[in-house]
Amino acid sequence: MRPVRPVAVLGGVRIPFCRQNTAYADVGNLGMSVRTLGALVEKYGLHGQQLGEVAMGAVIKHSSDWNLGREAALSSGLSALTPGITLQRACGTSLDSIITVGNKIATGQIEAGIGGGSDSTSDVPIVYGKVLRRRLLAAAAARGFKEKLAQFRGFSFGELKPEFPGVAEPRTGKSMGEHCEDMAKEWNISRDSQDEWALSSHQKLAAAYERGFFDDLVVSFRGVSRDNNLRPDSSLEKMATLKPAFDRSSGRGTLTAANSTPLTDGAAACLLASDEWAQAHGHEVLCHLRDSQSAAVDFVHGEGLLMAPTVAVPQMLARNGLSLQDFDFYEIHEAFAAQVLCTLRAWESEEYCRNRLGLAAPLGRIDPAKINPNGSSLATGHPFAATGARIIATAAKELKARGGGRCLVSICTAGGMGVVAILER
Ligand SMILES: CC(=O)CC(=O)SCCNC(=O)CCNC(=O)[C@H](O)C(C)(C)COP(=O)(O)OP(=O)(O)OC[C@H]1O[C@@H](n2cnc3c(N)ncnc32)[C@H](O)[C@@H]1OP(=O)(O)O
């Protein structure tokens, strides 16, 4: 193995994120990925260039998109000699795409690459059940009309019932929202604190747009120039009127449409390189990807589904000799406001940090003013596989704007996992 070398983040772009069944309803993952990669190629003058890897991902994906990373790369303006790969780790997908490309750069396998992701909740694969699928395949392989027709002997119209992609965890049958509602109850997270967190996310995102922060990060698409979930005019009074979205009957439900991410379409991507490649091509290094970590929790046997970042972060901190307070700001994915608030409370809990994380003392408090300075998923919306690249692009630009510093990135994912990373400038 060659020695590990620094991984430079040169920046990123994304299309505005749009709520389900709005502006991108007929575009799909490939269209959104191509627009995003094309914009990145344009921004960094990569036309005709051969990069080492394009790693993209999608949580919900049509088989007709083949290998989304390669297909999107082929239509992006990059050289056709650029390889592509498609990854999936639920909401951690594009952070993992970026880590994958970063690791290849760190070990000297490649000099530069793109990591990103896309998700469409408006154009999802809807399939027939297994019985009809078997019949159709057998009919396709059969010779002659009579033999084909024979495959449908005993056919019933019930077989035409479509199957939609699952929205529930296969092992528990509960949705993300239902799991997070359980977490909010376990950690005593109030409805008011969730609504306040969500409102603040909208206000910070709106302010960032107003001061031009996103001018070179968000490229317009299909006539949209800003995330269409953004509601700067929202209020705590209006939020307080909303009914619980996931626990409607116990009278104790606190997660609502306003303090949960909406179903969203969108794509985002980042350019990474070795310092040498960046210098040779005249690109400024916005920051370095110093380290990353993934972890999982046993949600099937009672742990909170979205609590795995609480486990991944201390592992990564220990390896780097850092404390939770050694960061200038934090980018914590807001799957639900309650997820962020549960995570913060767990890191402050003596009992949790000692007994669950095996630490000598609690990780301690983070100043909420240092979290998500430009808003996050509650305001932008959350196209699952695009969120990681949105966060890295935003954090890298924020580090440049501050002239230096250190950022902790934390993303919870379905399947009881978490992916976290450290960025530094
Ligand atoms: C997947 C991973 O790996 C990890 C993760 O990130 S987990 C997170 C994954 N994401 C999810 O699970 C998505 C969850 N979200 C949902 O399923 C749906 O958005 C939801 C069930 C929460 C809400 O759906 P919905 O009821 O159709 O929402 P919607 O119709 O938009 O809004 C309902 C009301 O709230 C209002 N509202 C929404 N946001 C608001 C806000 N910020 N301020 C004020 N009002 C708001 C709307 O205006 C609407 O009001 P009216 O009824 O008066 O029109």
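See the values below:
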item: Kirkwood Rh (inverse of mean 1/r, distinct Cα pairs), the stretch 219-325, angstrom; result: 19.2
item: Top of P170, P373, P16 by mean-square fluctuation, Gaussian network on the chain, Cα under 10 Å; result: P170
item: Reciprocal mean inverse distance between Cα atoms of the stretch 145-189 - Kirkwood radius, Å; result: 14.4
item: Rounded if a/c under 1.5, otherwise prolate or oblate - the stretch 215-259, Cα gyration tensor axes; result: prolate
item: Packing-based order for 115-124, 24-33, 290-299, 361-370, using average beta carbon neighbours within 10 Å, highest first; result: 115-124, 24-33, 290-299, 361-370
item: Test item: Cα-centred dipole of the chain, Lys/Arg +1 and Asp/Glu -1 on Cβ, debye; result: 1240
item: GNM flexibility winner over the chain from Q151, Q315, Q203 (Cα, springs under 10 Å); result: Q151
item: Principal semi-axes in Å for the stretch 144-266 [√(5λ), Cα gyration tensor, largest first]; result: 41, 26, 11
item: Where the chain is the region considered: accessible area per residue in Å², 1.4 Å probe; result: 42
item: Highest average packing first - 215-223, 262-270, 175-183, Cβ atoms within 10 Å; result: 262-270, 175-183, 215-223
item: Rounded to 5, the percent of DSSP beta bridges in the chain classed as antiparallel; result: 70
item: Per-residue [θ]222 nm for the chain (sum of -39500 (n - 2.57) over DSSP H runs n ≥ 4, rounded to 500); result: -10500 deg cm²/dmol
item: Pairwise FRET efficiency - A257 versus A142, Cβ, R0 = 51 Å, nearest 0.05; result: 0.55
item: Carbon and sulfur %, accessible surface of the chain computed with the full protein complex present, 1.4 Å; result: 52
item: Rg to Rh quotient for the chain, alpha carbon positions, Kirkwood Rh; result: 1.00
item: From the C-alpha gyration tensor of the stretch 76-193, square roots of 5λ in Å; result: 39, 30, 11
item: Most mobile listed residue (A150, A273, A312) in the chain, GNM with C-alpha springs under 10 Å; result: A150
item: The stretch 11-57: projected area of the alpha-carbon convex hull, averaged over directions, in nm²; result: 3.9
item: The stretch 238-385: projected area of the alpha-carbon convex hull, averaged over directions, in nm²; result: 12.0
item: Label point at R70 placed 7 Å out along Cα→Cβ; residues across the stretch 10-52 whose backbone nitrogen lies under 20 Å; result: 29-35, 37-38, 48-52
item: Separation in nanometres of the label points that stand 7 Å from Cα toward Cβ, at A207 and V300; result: 4.5
item: Estimated translational D of the stretch 1-138 in µm²/s (Stokes, Kirkwood radius over Cα pairs; 25 °C; 0.890 mPa s); result: 154
item: Mean projected area (nm²) of the alpha-carbon convex hull when the stretch 341-418 is viewed from all directions; result: 6.3
item: For the stretch 126-171: rounded, prolate or oblate by the Cα gyration tensor [a/c cutoff 1.5]; result: prolate
item: Positive-end residue of T343, A296, N67, charge dipole of the chain with Cβ unit charges; result: N67
item: Interchain or long-range residues, amide H under 5 Å from L87's placed H; result: M56, G57, A58
item: Packing-based ranking, highest mean first, of 93-105, 232-244, 326-338 given that Cβ atoms within 10 Å are counted; result: 93-105, 326-338, 232-244
item: Overall Cα dimensions of the stretch 323-368, principal axis frame, Å, largest first; result: 27, 23, 12
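The values are calculated or read from the model by the stated rules, or taken from the named source; none is laboratory data. Just so you know, these numbers come straight off a predicted model, no measurement behind them. Positions of Cβ are backbone-derived with ideal geometry, glycine not excepted, and every protein chain shown enters the neighbour counts. These accessible areas exclude ligands, DNA and RNA; they are computed on the full protein's heavy atoms, side chains included. Shrake-Rupley method; radii C 1.70, N 1.55, O 1.52, S 1.80 Å.
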